[in-house]
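To keep things clear, I will list the structure first and then write my remarks on it.
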Amino acid sequence: MDVVMLSRVQYALNTCFHYLYPPISIGLGLMLVIMEGIYMKTKKVHYKEMTSFWVKIFALTFALGVATGLVQTFGFGTNWARYSRFVGDVFGSALAAEGIFAFFLEAGFLGVLLFGWERVSPKMHYFSTICVALGAHFSAVWIIVANSWMQTPAGYVIEQTPIGPRAVVTNFWEMVFNPSSLDRLLHVLLGCWLTGAFFVISVSAYYLLRKKFQPIARSMMKLGLFVAIVSLFLQLLSGDRSARLIAQFQPAKLAAFEGLYKTVPSTPVSVIGWVDTKAETVHSLQIPAALSVMTYRDLNTPVAGLDQIDRKEWPNVALVFQTYHLMVVMWALMVLIVLLGFWYWKRRRLEKSPWLLWTMICSVLLPHIAQQAGWISTEVGRQPWLVWKLLKTSDGVSATITSGQVQGSLTMFTVIYILLFALFIFLLNRKIKHGPETLLVQYEDPLYRNVLQGK
C-alpha cells in the first residue's frame, strides 16, 4: 500500500480503538448522575453503593480514553502535517475549547468523585458527579464540532500562504454551529447513552444470572432499560434528521449508504443486501419509495444517485453500504432486546430466563459495533475529500513521511493496543466479579448484606 492508504489505515486503527472508551465514559457519566440523583432523593443506600461501583469503572475507561486520545493528536503532526496546517486555525480553537471546558472540568472533579464520599458533603459530591459528566459530554461537543466542520465547512475563508492554502476562521460561532454540528452531536451523544445503558444492562444481567447482588442488579436493570428505550427512540428521530442533512450537503455519501448507482423516482430503501461493484448495482430486499419519503417527505421525488456525481468523487460504495446497514441492524437488535427485557420484567420472568440474560450480557457489544460501523460509513463516505470540497485526502498527508515509517508505527500501535485492551478487559473483569461491595459494612441488617453478597 502507498503512504496515503497506510496513513489512513493507521489513523483508522487509532480512532476505532480510542472510540471504544469515550462512549462508555459519556454514557456512564449520565448513568452516574441519575443513580446518585436517585440516592440524593430517596436516601436508599443501595443507590449509593451502585454509584460507587460504577464510578470505579468510569475511572478505568476515562484513563484509557485519555491515553489513546493523545495518540490521535500526535498523529496529526506526524502523518497529516499538510492537513494540520490547512485546518490548524479551525481545530486550534475547537480543541483549545475542549481542553478548557471539557478535560479540566472532568479531570478536576474526578478526584472528588472517586475519593470524596466521606470527605465532602453529599451535595458537593453530587455536584462533582454532574461536573464530571458534563466534562465528558463537553469533550464530545468540541470533537464533533471539529469533525462536523470537515463535513460541512462554515465561518471561514481560504488564505494563501507561502507554504500553501489554509482555512482561517472568520466567525467562530458560525464555525461551531456549522450546518451539521448539532444534528451529528445529538446522534453521537445518543449512541454514547446507549453504550452506558447497555453496559449497565449487561452487568445487571450477569449478576441476576449468577444470583449475586440481586437487589442492586434489579435496580440497575430497570434503570438501564429505561435509559436505553428513551435513547433508542430519540436515535430513530436523530437518524432521520441526519440522513436528510446528508442528502442536502453530501449526496454521494447518501447514495453510497443505499448503493444507489442510478437516480430513479420513488427511490427505494435497501433493507438488507450487498453491492455488486462490477455491475454497479445492489442486490437487496427493498422498500419502494421509502428513501424518497425519508429524504423529501414525498413518494415520487428521486434521490440523487451516483450517476449524477463525478466518478472520481465516488467513495468505496460496498464498504459504506455494508457498514451503514450494519449500524442499522445493531439498532434494531437493541430495540428487540430492550422490548423483550421490559416484557419479561413486567411478567416477573426475567430472572427465570437464562437465554435472555445471556443475550443481555452479550448485548454490551451492540452499541460499540453500531458506533464503529457508523463512523466508518461516515468517514469513508466522505472520500476522496478530507475536508469536504476543500482538501482531498491525498493532499493532506505529510510530504516527507515514507511507507516504511508508517508500517513500522502501525505495527507498534497494533501490538500496544492489543496489550492495552487485554489489560482493560482483565481489570474490568476483576471489578465486575468483585461487585459493589465496598460500602456493605455500612448496612445494619446482616441478612440484607448476605443477600447482596449472594450468600
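Here are some notes:
- Being out of contact with any Lys or Arg (no Cβ under 9 Å at 6 or more places or on another chain), over 16 Å from Y83 (Cα atoms) and surrounded by 21 or more Cβ atoms within 10 Å (Cβ to Cβ) is a property that S409 lacks.
Rundown of residues vs (1) assigned to a loop (DSSP other than H, G, I, E, B); (2) among the hydrophobic types (A, V, I, L, M, F, W, C); (3) surrounded by 18 or more Cβ atoms within 10 Å (Cβ to Cβ), yes/no style:
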| residue | (1), (2), (3) |
| --- | --- |
| Y126 | no, no, yes |
| A133 | no, yes, yes |
| A140 | no, yes, yes |
| I144 | no, yes, yes |
| V157 | no, yes, no |
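- Against the list (1) surrounded by 20 or more Cβ atoms within 10 Å (Cβ to Cβ); (2) over 30 Å from T301 (Cβ atoms), the condition I246 fails is (2).
- Under the condition of being over 21 Å from H18 (Cα atoms), touching a residue at least 24 places away in the same chain (Cβ under 8 Å) and either of a type in the set (D, E) or part of a helix (DSSP H, G or I) (or both), the residues counted in segment 394-422 number 3.
- Scanning segment 271-308 for residues that are touching a residue at least 12 places away in the same chain (Cβ under 8 Å) and among the acidic types (D, E) gives E280, D307.
- Positions within segment 109-124 being among the aromatic types (F, W, Y) and either without any contact (Cβ under 8 Å) to a residue 60 or more places away in the chain or surrounded by fewer than 15 Cβ atoms within 10 Å (Cβ to Cβ) (or both), in sequence order: F109, F115
- Hey, A318 surrounded by fewer than 17 Cβ atoms within 10 Å (Cβ to Cβ), farther than 26 Å from P153 by Cα and modelled with pLDDT under 90 or not: no
- Any hit, segment 381-390, residues being on the phi < 0 side of the Ramachandran plot, charged (D, E, K, R), surrounded by fewer than 17 Cβ atoms within 10 Å (Cβ to Cβ) and assigned to a loop (DSSP other than H, G, I, E, B): no
- Scanning segment 17-56 for residues that are of a type in the set (K, R) and surrounded by fewer than 21 Cβ atoms within 10 Å (Cβ to Cβ) turns up K41, K43, K44, K56.
- Among the numbered conditions (1) in contact with a helix residue (DSSP H, G or I) (Cβ under 6 Å, 6 or more places away or on another chain); (2) modelled with pLDDT of 90 or more; (3) among the aliphatic types (A, V, I, L, M), the only one that V406 does not meet is (2).
- V329 satisfies every condition listed in (1) closer than 28 Å to I201 by Cα; (2) in contact with a Gly (Cβ under 9 Å, 6 or more places away or on another chain) except (2).
- Just one of the listed residues (A94, A81, A63, A59) is over 22 Å from G116 (Cβ atoms) and surrounded by fewer than 19 Cβ atoms within 10 Å (Cβ to Cβ), namely A81.
- Taking the numbered list (1) touching a residue at least 24 places away in the same chain (Cβ under 8 Å); (2) out of contact with any Pro (no Cβ under 8 Å at 6 or more places or on another chain) in turn, H434 passes all entries but (1).
The values are calculated or read from the model by the stated rules, or taken from the named source; none is laboratory data. In this text the structure is predicted, and so the values were computed from the model without any measurement. Every residue, glycine as well, gets a Cβ built from its backbone with ideal geometry; the counts of neighbours run over all protein chains shown.
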